[in-house]
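Inspection log for the structure reproduced underneath, given as structure tokens.
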Amino acid sequence: MRQKILLPVIGHLSVKNYALYPGVDGRGLELPFPNGVTVLAGVNGVGKTTLLNLMMRMLLGPLDRAKVDRDLSRVSDRTLIHDKKFSFFKDRVPPPLGENATATMTFHIGKTEVKVTRYMNSMELKATWINKKRQEFRTEFEFADALAALSGLSSKYDFHICVRYLQFFSEERLPALWSPGAQFEFFKMFFFDEAAAKKIDKAFAKVQNLDSEVRNRTYQLNNRRKALPPKRPTVGEEDLQRLDSAIATAEQVHKQALELFKSQQLSHSELLSRAKTADAKFDETEAKLSELLSQLQHADAAFIAQALPNLEDKLQFLMLGLGSGRGCFVCGKGGHKEALAIGRTLRGGNCFVCHSPVQGKGKSSNVEPLSAARVRQLESSVKLLKDELKAISEERDEIAKKYEGVTKHMRAIATQRADTLRRLEGLKAQRPASTSPLTDLEAEIQREQAAIDAMDVDRKRFAAEFRAAVQEARSSMDDVKEELRAKLTDYAEAFLREEVKVVYSAQDKFKIATGAGSVNVPTFQIKMTSSTHETVQERLTSDAVSESQKEFLDLAFRMAVLDIISRDSATMLVMETPEASLDSWFMLRAAGLMRHFAPSESESSRKLIATSNLNGTEMIPALLGLIDRKGRISKLAANDAEHFVNLLEVTAEAKILKDAESRERIGKELGRFINV
Amino acid sequence: MSSIGITVSRAEQERLRFIRWVLLLVNAAEASGVGSLQRRQFHSLLFVSFASSRFYGIEPLRQRAQRTEQGPYYRAAHIALGVLTLSGLVDLKDFRPHPSPKDVQFEGTFSATPKGLAVGRRLAETYQGELLYQFLLDLCLGTVSGVLEDKSPADSKASVSLDQVFEEDLTYRQAVARPGNQLFVEESPEDQQTPTLNGLKSIDAFLKQRTHINRKDVLSAYQTLLLRRVA
């Protein structure tokens, strides 16, 4: 349950230097508003509505709702704007309207007395007093915030709504009872927990803002769609789809061929690299082998040479031959002299046969003997290298074989790649060429549609949040719904003199936003009998009742809500009496109820300020309580004089008063209940 | 590897390798029972060894024989035999010059000496030497088993058979069939698969399917086949 709400109750209004309200003897307008009913009577055009507006503007200033909607509930922007060009009152009098034209109003919010003076030409603040102490407010918004705080309402916006559409029942009134959303708005404002109410407002704002954007963008998008040129008739939609499908398939096939080609290319490169490595290795090994073979051959020959007898050995052999008597192996001569000759020749380093110089003269004492082991070592090394070379050669052969295979395969794959590309390009060429702008526009439209679709998802999500917040807050009505239902029933029955059943339900559908569905909100619905229905029938809409019934039921709702809010504190209702369509019976009942709402004697200040036409009806005396049960009208007592304001006496002279007959008629009417 | 003290020129290397081949062939003939070889037999056997050495994975020496009425004649063999004889590593008997339109050719009978056998053993201490000797020995043993089965090497009939078998060698017959004065085993790398080698491989493949054999057996079988052809 939220904190207690205190509504403003007007105490006094004075207007100075304003041509429409010159007052008695030009001293300006001075209007006290006592407890109970006060009637502001006049004829058409005298300024009744203007006066009610003035009273309202004295409370609200030149502020208005940022977003105006006849449905109070369908407002996402709960802010006020300052109309710097406000000229309502200025426009109703001949120019110029100086700054000396002011209005001062005193009102109470609970126990706090607020006095405010405003300029008539703009309704801007001139001076403010709180509990008789002068207080400055830099802006209208600051003053409005202060009043909201005093009233216990959540914001200056709520204060504005409460005063303008609940307390003031005038020409610009908005439906309350007949709008589930408006009912819900008032309940939220007065009965829901503040935090819950804020949560609901926030969620609603989110939905509304997004809904607005979605609808705007959808509207613009549809317009853009209309701007698209008509599709070319050369290729049907189905043909195009088939072609696109074929292109997609061809792209896939080409992609696969390309991947295969790249894979083969990689294998090809790898093999080439391996081949080069193997070739290099082969060359290197071959070179080593060649070198080693050369060494081996040399060593082998050297070993043979070492193994064979040297020249010395041969000499000894020959000497042995000679010495043994065999003689020279050439000529057969033998002898010591011949042996010496051979030896001399050999020791001289010459061949004893041809006398050419020979190597290895004498023993080769300076040469290191070459062992068989060393030769074998070389031979082993050669064998190893030969084996290695053989292995490399086999590897090269294997690589070459694979390379040949891969190369052959690559040719086939390259051909396949080219073929698939040709096919793909051929298919693409068949597709009708679109000009760049059209394609861009279509793409843009698609993107925008996707964005809108995404926002729609969010919109639904926010709507769900809103529903959840409403559901959560509905329990706040539990404390007041019965009392409110009872009061509304009483007022409605009293107004209409018909059996009325007021049903409270949480099933009324409130549309959250165009594309966000609805939510069940707590509302009151009227069921009543009629001349054609003896049993209580449901009358859900305002279209199902007469105009006057509609107005009074709406008034009954306001009164009931004000009663609940105020309970034991002050309250005020300012209205234009909807008497035009009332017959006298209803008129009396309405007046009676209005007096019941605002009795003169009550513990707390209850006021009802009503305008009424001087049209010969009994509305005014009824409002003033001057008609007895028998229908006789008495005169207004002197000490009750403040309850009746003859606007003809304090406003600018109405043209009707220039007519003598009219003056007489008005005088007669007034004479029925006041001392003229 | 530390540098070898002896410097041997390329030409000298070939000459020394030829000397080894010749010495080991003479030693193998001795060891296998073939015994001494006449000049003609020696040169023919040399030719046959070059034609079949690849069967043992031995690269033959690049030598060409001259075509003579007495069969193939290697001038290098003549020089090698001279060195070996003068060194006392090969024994030379019945030495006499042989009339020839060119070069100096000699007849004689060559056989191994103890010193030559010792040097041969030394030469067989290397892998190449060992393999070469093994091959030449198997060749000679095959000749013995195939040709001189029931004959003595000194037997003139056996001697004639030996000559004929040598001259029946497939590669020899191919070489002889070519025109020109030179008899070569391998003229180019394409000639490495000599008819002798192919024959040996065929015999090897054939016999391996039926029994466990070694290369010596193959050489023997080859010689036997040649003999049958002669017969």
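Readers should treat all values here as calculations from the given coordinates under stated rules, not as data from a laboratory. None of the values given here were measured: they were computed from a predicted structure. Glycine also receives a Cβ, built like all others from the backbone with ideal geometry; neighbour counts cover every protein chain displayed.
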Output the Kirkwood hydrodynamic radius of chain A, Cα pairs only, in Å rounded to one decimal.
35.9 Å
Treating the angle as unsigned and between 0 and 90°, give the value, to the nearest 10°, between the Cα long axis of helix A:336-347 and the longest Cα principal axis of chain A.
20 degrees
Kindly express, to the nearest 10 degrees and within the range 0 to 90, the angle between helix A:584-597's C-alpha long axis and the longest C-alpha principal axis of chain A.
70 degrees
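Starting from the Cα gyration tensor of region B:27-124, multiply each eigenvalue by 5, take the square root, and state the resulting semi-axes largest first in whole Å.
Working: eigenvalues 87, 69, 28 Å².
The three semi-axes for region B:27-124 are 21, 19, 12 Å.
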Tensor-based shape of region A:1-80 (alpha-carbon gyration tensor, a/c under 1.5 rounded, otherwise prolate or oblate):
prolate
Could you give the angle, 0 to 90 degrees to the nearest 10, between helix A:180-190's Cα long axis and the longest principal axis of the Cα atoms of chain A?
90 degrees
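Most exposed first by the Cβ proxy, i.e. fewest other Cβ within 10 Å, how do B:ARG17, A:ARG459, B:ARG62 rank? Walk me through the intermediate numbers first.
Numbers: B:ARG17 19, A:ARG459 25, B:ARG62 13.
Listed from fewest to most nearby Cβ atoms, that is B:ARG62, B:ARG17, A:ARG459.
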With a cut-off of 8 Å between alpha carbons and a minimum separation of six or more residues, what is the relative contact order of region A:126-239 in percent?
11 percent
First select every other residue whose beta carbon is under 12 angstrom from the beta carbon of A:ASP568; then total the charges, Lys and Arg +1, Asp and Glu -1.
+1
Vicinal HN-Hα couplings computed from phi for region B:15-21 (Karplus, 6.51 cos²θ - 1.76 cosθ + 1.60; Hz; Gly/Pro x)
5, 5, 5, 5, 4, 4, 4
Answer rounded, prolate or oblate for region B:22-72, using the Cα gyration tensor with square roots of eigenvalues a ≥ b ≥ c: rounded when a/c is under 1.5, else prolate when a/b is larger than b/c, else oblate.
oblate
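So what's the projected area for region A:91-142, the Cα convex hull averaged over all directions, in nm²?
Values: hull surface 17.0 nm².
Result: 4.3 nm².
Using R₀ = 35 Å, calculate the FRET efficiency as 1/(1 + (r/R₀)^6) where r is the Cβ-Cβ separation of B:GLN192 and B:GLU125; round to 0.05. Can you show the working numbers first?
On the way: r = 28 Å, r/R0 = 0.80.
It comes out at approximately 0.80.
Which FRET efficiency value, to the nearest 0.05, is calculated for A:GLU661 and A:ASN100 with the Förster distance at 51 angstrom and r the Cβ-Cβ distance? Write down the numbers at each step before the final one.
Details: r = 38 Å, r/R0 = 0.74.
For R0 = 51 Å, the calculated efficiency reads 0.85.
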Summed residue charge, Cβ within 12 Å of A:THR420's Cβ, Lys/Arg positive, Asp/Glu negative
0
Estimated 222 nm signal from helices in chain A, with DSSP H stretches of n ≥ 4 weighted -39500 (n - 2.57), rounded to 500:
-17500 deg cm²/dmol
Between A:LEU221 and A:ARG27, with labels modelled 7 Å along Cα→Cβ, what's the label distance in nm to one decimal, could you check?
7.0 nm
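Could you compute the FRET efficiency for A:GLU398 and B:PHE206, with r as their C-beta to C-beta distance and R0 at 35 Å, rounded to 0.05?
Once rounded, the FRET efficiency stands at 0.65.
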Could you give the Stokes-Einstein D for region A:147-305 in µm² per second, using the C-alpha Kirkwood radius, 20 °C, 1.002 mPa s?
81 µm²/s
Using a 10 Å cut-off around each Cβ, can you sort A:HIS254, A:HIS268 from fewest to most neighbouring Cβ atoms?
A:HIS268, A:HIS254
Exposure-ranked with fewest Cβ neighbours within 10 Å first, A:LYS408, A:LYS126, A:LYS156 stand as A:LYS408, A:LYS126, A:LYS156
Determine the distance separating the Cα centre of region A:465-508 from the Cα centre of region A:594-611; give it in Å without decimals.
24 Å
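So if each residue of separation counts as 0.36 nm, and I subtract the Cα-Cα distance between A:ASN520 and A:ARG485, what length gain in nm does that give? Intermediate results must be reported in sequence, preceding the final value.
On the way: separation 35, 0.36 × 35 = 12.60 nm, distance 1.83 nm.
Taking A:ASN520 through A:ARG485 to full extension adds about 10.8 nm, to one decimal.
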With labels modelled as points extended 7 Å from the Cα through the Cβ direction, what inter-label distance (nm, one decimal) is found for A:ASP458 paired with A:ASP193?
2.9 nm
Reachable lysines, given that their alpha-carbon falls under 21 Å from the alpha-carbon of A:LYS383 and they are not under 8 places away in the same chain
A:LYS281, A:LYS288
